[in-house]
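Visitor: Structure incoming, see below.
The values are calculated or read from the model by the stated rules, or taken from the named source; none is laboratory data. Small disclaimer: the values here were computed from a predicted structure and weren't measured. All Cβ positions, even for glycine, are placed from backbone atoms using ideal geometry, and neighbour counts span all protein chains on display. With ligands, DNA and RNA removed, areas are computed over all heavy atoms of the protein, side chains included. Shrake-Rupley method; radii C 1.70, N 1.55, O 1.52, S 1.80 Å.
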Amino acid sequence: MAHRVTLIPGDGIGPELAEATTRVLDASGVAFEWESVVAGEAAIAAYGTPLPDEVLASVRRNKIALKGPITTPVGAGFRSVNVALRQALDLYANLRPARSMKGLDTRYENVDLIIVRENTEDLYAGIEHMVGRDAAESIKIITREASERIARFAFEYAVANGRRKVTAVHKANIMKLSDGLFLESCRTVAAAYEGRVEFEDRIVDNMCMQLVQKPDLYDVLVLPNLYGDIVSDLCAGLVGGLGVAPGANIGIDTAVFEPVHGSAPKYAGLDRANPTAMILSGALMLRHMGYPDEATRVETAVRAVIAEGTQTTHDLGGTTGTAGFADAVIARLGATPAIR
Ligand code: NAD
């Protein structure tokens with residue numbers, strides 16, 4: 001029986017990445033029925049809103065979605081559809097693995113980090129206002145419930161995946177109440193895993209330096225929303241850039257899989273963007289759906305094409321297009337590329 005999955009192609013490079021990724025997943029051995037819905041800039045033109053009700057209804061119905069990046073205007077304009085989706089569906093955990101790949105020109109060879117980012121609160125709660133004309137306030141919300149929940153997710157992930165250590169990242173020396181509560185919550189949860197998973201904490205600025213100098217010292221990182229967003233891009237940079245960094249937004253019974261990167265509008269429609277991040281997000285989805293062997297096959301095929309180095313995209317120094325890269329991955333999977 002085919003699995004019905006919501007597909008949100010998104011903006012900019014999103015549609016071509018979605019096309020490449022669904023072709024790879026269709027060749028993985030798992031049968032999919034893609035329910036494609038429109039969100040972002042295209043939805044404004046058609047429905048007058050970047051997040052039509054049908055998008056949320058579809059994800060709620062199918063419980064699983066594959067999503068391309070969606071543009072968010074800087075400064076004025078509509079609020080982030082990405083943040084709205086995560087909040088509306090209570091996708092509280094943002095999982096972003098950063099793992100080195102052979103064939104990529106990077107500073108380190110054996111980076112293997114898991115970033116677990118709290119996805120529903122912090123400064124992303126979107127509570128901002130002007131104070132007069134010349135001052136602005138953004139409210140940072142940290143709750144014990146959300147902090148303990150994300151810490152538990154990080155430790156459970158560590159146990160399930162044989163990881164040795166969880167590091168909580170914060171700025172509790174300055175934000176003693178908000179980040180202090182996050183750290184206290186992580187410590188409370190860590191106590192229940194003593195003897196099974198190590199625990200330590202790092203101040204976020206020091207963490208950034210340590211990750212750049214000695215990434216091998218770290219394993220699973222758990223962070224509040226904003227630091228998680230920034231540190232995961234740093235970690236993406238350690239393993240080859242945003243073009244290869246996958247992600248998952250996971251809730252209690254619903255999950256949305258999407259690359260870490262944005263809509264890169266300057267490459268839209270040029271068959272130039274790297275679909276690796278979205279294909280690897282698809283592999284995370286396969287694993288989440290209970291298909292670990294198929295997930296590994298897709299990951300191995302992607303890694304093989306990148307290691308070989310003759311059919312990589314422009315960001316990795318190659319000349320192959322988005323669709324051509326997907327064809328190369330499909331060929332490695334042992335299937336015939338579907339007709340486009
Ligand atoms: P971006 O990730 O789109 O681009 C940053 C840099 O990485 C650019 O140089 C871009 O060309 C490159 N890049 C990104 N993905 C790539 C890929 N697959 N292949 C090759 N190169 C790639 O970030 P930005 O420019 O800061 O943001 C553009 C838009 O995306 C903004 O509107 C932003 O709000 C949005 N955004 C959305 C998401 C999301 O949907 N989850 C995440 C981040 C940013």
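Visitor: Compute log10 of I(q)/I(0) for the stretch 4-84 with the Debye formula, placing one identical point scatterer on every Cα and leaving out solvent, at q = 0.15, 0.17, 0.22 Å⁻¹, to two decimals.
Guide: -0.53, -0.66, -1.02
Visitor: What does the highest-first list of 302-311, 238-247 look like by mean Cβ count within 10 Å?
Guide: With the highest mean Cβ count within 10 Å placed first, the list reads 238-247, 302-311.
Visitor: Let me ask something additional. Taking amide H positions as placed in the peptide plane 1.01 Å from N, state which residues far from Asp11 in sequence (5 or more) or on other chains have amide H under 5 Å from it.
Guide: Close amide H contacts, sequence-distant or interchain: Ile70, Thr71.
Visitor: Using the Karplus curve 6.51 cos²θ - 1.76 cosθ + 1.60 with θ = phi - 60°, work out ³J(HN,Hα) for each residue of the stretch 33-43 in order, rounded to whole Hz, and write x for Gly and Pro.
Guide: 10, 8, 9, 7, 10, 9, 9, x, 4, 5, 6
Visitor: Amide H to amide H, which residues 5 or more places from Phe257 or on other chains are under 5 Å from it, using H placed in the peptide plane?
Guide: For Phe257, the qualifying residues are Ala65, Leu66, Lys67, Asn249.
Visitor: Please compute one quarter of the surface area of the Cα convex hull for the stretch 31-161 and express it in square nanometres. Intermediate values should be presented prior to the final figure.
Guide: Details: hull surface 51.3 nm².
For the stretch 31-161, averaging the hull's shadow over all directions gives 12.8 nm².
Visitor: Once you place label points 7 Å from the Cα toward the Cβ at Ala46 and Val212, how far apart are they in nm?
Guide: Those two pseudo-labels are separated by 4.3 nm.
Visitor: Pull out a ≥ b ≥ c, the square roots of the eigenvalues of the alpha-carbon gyration tensor of the stretch 185-229, then state rounded if a/c is under 1.5, prolate if not and a/b is larger than b/c, and oblate in the remaining case.
Guide: Values: a/c = 2.60, a/b = 1.48, b/c = 1.76.
Cα axes put the stretch 185-229 in the oblate bin.
Visitor: If you don't mind, another one. State the three equivalent ellipsoid semi-axes of the stretch 182-326, derived from the C-alpha gyration tensor as the square roots of 5 times its eigenvalues, in descending order and whole Å.
Guide: On the way: eigenvalues 190, 71, 45 Å².
They are 31, 19, 15 Å, listed largest first.
Visitor: Kindly rank 118-130, 319-331, 14-26 from highest to lowest mean number of other beta carbons found within 10 Å of each residue.
Guide: On the way: 118-130: 18.0, 319-331: 20.9, 14-26: 23.5.
With the highest mean Cβ count within 10 Å placed first, the list reads 14-26, 319-331, 118-130.
Visitor: Here is a further query. For the stretch 136-232, take every pair of Cα atoms, bin their distances at 5 Å starting from 0, and report each bin as a whole percent.
Guide: Histogramming the stretch 136-232 at 5 Å steps yields 2, 14, 25, 25, 20, 10, 3, 1, 0, 0 percent.
Visitor: On to the next question. Answer with one residue from Ala236, Cys186, Ala248: the one whose Cα lies farthest towards the positive end of the charge dipole of the stretch 170-304, charges on Cβ with Lys, Arg +1 and Asp, Glu -1.
Guide: It is Ala236.
Visitor: Over all directions, how big on average is the projection of the convex hull of the alpha-carbon atoms in the chain, in square nanometres?
Guide: On the way: hull surface 71.5 nm².
With the hull built on Cα positions only, its mean projection is 17.9 nm².
Visitor: A follow-up question, please. Looking at the stretch 146-205, which GluC sites (Glu not before Pro) are DSSP coil and have at most 12 other C-beta atoms within 10 Å of their C-beta? Walk me through the numbers before you get to the answer.
Guide: On the way: sites: Glu148, Glu156, Glu184, Glu194, Glu198, Glu200; in loops: Glu194.
Sparse-neighbourhood loop GluC sites (Glu not before Pro): Glu194.
Visitor: Further question: Report the FRET efficiency, 1/(1 + (r/R0)^6), for Glu194 and Ile252, where r is their Cβ-Cβ distance and R0 is 25 Å, rounded to 0.05.
Guide: Details: r = 26 Å, r/R0 = 1.04.
The calculated FRET efficiency here is 0.45.
Visitor: Between Arg133 and Val159, what FRET efficiency comes out of the Förster formula 1/(1 + (r/R0)^6) with R0 = 56 Å and r the beta carbon distance, rounded to 0.05?
Guide: Numbers: r = 52 Å, r/R0 = 0.93.
The calculated FRET efficiency here is 0.60.
Visitor: I've got another one for you. Take the solvent-accessible surface of the protein heavy atoms, probe 1.4 Å, and return the percent of it on the chain that carbon and sulfur atoms account for. Kindly include the intermediate steps, with their values, before the conclusion.
Guide: Numbers: 7900 of 14990 Å².
C and S atoms contribute 53 percent here.
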